[in-house]
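Enquirer: Take a look at the following structure, please.
The values are calculated or read from the model by the stated rules, or taken from the named source; none is laboratory data. Keep in mind it's a predicted model, so treat the numbers as computed, not measured. Here the Cβ positions follow ideal geometry from the backbone for every residue, glycine too, while neighbour counts run over all protein chains shown. For accessibility, only protein heavy atoms count, side chains too; no ligands or nucleic acids. Shrake-Rupley method; radii C 1.70, N 1.55, O 1.52, S 1.80 Å.
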Amino acid sequence: MMFEAYVTNPGLYPELGVEVGGTLKFPTTTEEVQALFSRIGIDGKLYQEYFIISYDSDVLGLYDCLDEYAGLDELNYLAHLLKEVQEQGDIEKFEAVIAFGAHTNGAADLINLTQNLDCYDFLPGIDDEEALGRYYVEEFNSIDIPEHIRGYFDYEAYGRDINLNTSGNFVPGGYVLSNGEHFREVYKGRGDIPEEYRITHSPARNEKEETRSILETIKQFREAPPAPHKNKAGPSYEER
């Protein structure tokens with residue numbers, strides 16, 4: 001599992017006054033989606049819309065980048081790409097680039113980011129300016145320092161200068177910088193999702209407009225919760 005989402009049936013909220021939902025783990029399958037929909041009452045007729053309340057993931061920072069507008073097909077595609085990143089040993093770099101803050105505005109950005117990790121250099125363990133300066137001197141040979149004066153060289157000041165003059169930043173786990181490679185927008189919309197990752201087999205929807213409507217409905221009923229729905233009033237104590 002790369003991450004999970006809590007999916008709800010917003011149509012039942014006005015009737016019951018409570019959220020009806022369940023957790024879906026990604027990557028997932030059509031069968032798992034249909035089983036979840038069955039459990040929370042999304043039948044494609046009376047109740048058709050779903051709404052994602054929250055996310056959770058072991059990939060650091062990922063849940064902060066995902067929003068309620070993502071579709072299940074898009075999330076499934078992202079999860080498969082993240083699995084490939086993990087198998088290639090680059091998940092720590094992906095987490096670092098997320099912390100760097102570029103291309104993290106939703107699932108579409110993250111999908112493109114998985115395909116463009118070569119646009120960034122990640123220096124694990126480089127967590128301060130002294131370590132950065134020393135790394136550039138010893139690994140990149142960025143400046144020629146005679147061996148007999150290296151003990152007197154101010155690596156911290158040199159690292160500070162590097163940090164100020166490059167497009168890099170310290171993040172949890174190390175140092176990330178953009179290396180100038182061209183960032184390719186390989187994913188432009190849900191029409192670009194390969195068929196094998198499609199799990200809902202439904203036409204694309206204007207989910208941003210739907211979500212705004214759903215949020216307004218939920219807000220309305222949270223401010224003035226309806227009484228629980230009853231099909232038939234039970235007998236009073238006197239009638240028993």
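Enquirer: Only one of (1) open to solvent by less than 60 Å² (accessible area, probe 1.4 Å); (2) over 17 Å from N179 (Cα atoms); (3) at pLDDT below 95 fails for D109. Which number is that?
Expert: All conditions pass for D109, except number (3).
Enquirer: Same structure, new question: Between a first residue in the range 153-179 that is under 11 Å from E129 (Cα atoms) and a second residue that is among the basic types (K, R) and surrounded by 15 or more Cβ atoms within 10 Å (Cβ to Cβ), which pairs have beta carbons less than 7 Å apart while being 6 or more apart in sequence or on different chains?
Expert: Listed by first residue and then by second, the contacts come to Y155/R134.
Enquirer: Any residue at all in the range 15-30 that's of a type outside the set (G, A, S), open to solvent by 20 Å² or more (accessible area, probe 1.4 Å), at pLDDT 95 or above and farther than 30 Å from P172 by Cβ? Break it down into steps so the answer makes sense when it comes.
Expert: Residues of the range 15-30 that are of a type outside the set (G, A, S), as a first pass: 15-16, 18-20, 23-30.
Narrowing further to those that are open to solvent by 20 Å² or more (accessible area, probe 1.4 Å): 15-16, 18-20, 23, 25, 27, 29-30.
Keeping just the survivors that are at pLDDT 95 or above gives 23, 25, 27, 29-30.
From what's left, farther than 30 Å from P172 by Cβ: 29-30.
Yes, there is a match, as at least one residue in the range 15-30 is of a type outside the set (G, A, S), open to solvent by 20 Å² or more (accessible area, probe 1.4 Å), at pLDDT 95 or above and farther than 30 Å from P172 by Cβ.
Enquirer: Only one of these conditions is not met by Y63: (1) at pLDDT below 95; (2) assigned to a helix (DSSP H, G or I); (3) farther than 27 Å from T30 by Cα. Which number is it?
Expert: Looking at each condition in turn, Y63 falls short on (3).
Enquirer: Does any residue in the range 43-67 that is of a type in the set (D, E) come within less than 7 Å, Cβ to Cβ, of a residue that is part of a loop (DSSP other than H, G, I, E, B) and open to solvent by less than 20 Å² (accessible area, probe 1.4 Å) six or more places away or on a different chain, and which pairs are these?
Expert: D67/G106
Enquirer: I'm checking my understanding of the structure. Among residues of the range 31-60 that are small (G, A, S) and assigned to a helix (DSSP H, G or I), which one is modelled with the lowest pLDDT?
Expert: Here is the first cut: in the range 31-60, the ones small (G, A, S) are 35, 38, 41, 44, 54, 57.
Of the ones still in play, those that are also assigned to a helix (DSSP H, G or I) are 35, 38.
Values: A35: 96, S38: 93.
Here the residue is S38.
Enquirer: Taking the range 171-186, which residues are over 14 Å from N116 (Cα atoms) and open to solvent by 50 Å² or more (accessible area, probe 1.4 Å)?
Expert: Result: P172, single match.
Enquirer: Looking only at the range 44-81, filter to residues that are of a type in the set (F, W, Y) and closer than 18 Å to L113 by Cβ; which one of those is most open to solvent (accessible area, probe 1.4 Å)?
Expert: Residues of the range 44-81 of a type in the set (F, W, Y): 47, 50-51, 55, 63, 69, 77.
Applying the additional criterion that residues be closer than 18 Å to L113 by Cβ yields 55, 63, 69, 77.
Numbers: Y55: 33, Y63: 106, Y69: 62, Y77: 32 Å².
If we take residues in the range 44-81 being of a type in the set (F, W, Y) and closer than 18 Å to L113 by Cβ, then Y63 is most open to solvent (accessible area, probe 1.4 Å).
Enquirer: I would also like to ask the following. Filtering the range 70-105 down to residues that are in contact (Cβ under 8 Å) with a residue 40 or more places away in the chain and acidic (D, E), which residue is nearest to N169 (Cα to Cα)?
Expert: For the range 70-105, the residue satisfying everything is E95.
Enquirer: Checking A96 against (1) more than 19 Å from Y187 (Cβ to Cβ); (2) in a loop (DSSP other than H, G, I, E, B); (3) under 14 Å from the mean Cα position of the chain (by Cα): exactly one of these is not met. Which one?
Expert: Condition (2) is where A96 drops out.
Enquirer: Turning to a different aspect of this structure: Within the range 143-169, which residues are open to solvent by less than 60 Å² (accessible area, probe 1.4 Å) and either of a type in the set (K, R) or closer than 26 Å to A102 by Cα (or both)?
Expert: Passing the criteria: Y158, G159, I162, N163, T166, G168.
Enquirer: Something else: Pull up the range 82-93, narrow it to residues that are in a helix (DSSP H, G or I) and in contact with a Phe, Trp or Tyr (Cβ under 9 Å, 6 or more places away or on another chain), then point me to the one that is surrounded by the most Cβ atoms within 10 Å (Cβ to Cβ). Let's see the steps before the verdict.
Expert: The first filter runs over the range 82-93 and keeps only residues in a helix (DSSP H, G or I), leaving 82-87, 91-93.
Narrowing the set further to residues that are in contact with a Phe, Trp or Tyr (Cβ under 9 Å, 6 or more places away or on another chain) leaves 82, 85-86, 92-93.
Details: L82: 24, V85: 20, Q86: 15, E92: 16, K93: 20.
Top of the filtered list is L82.
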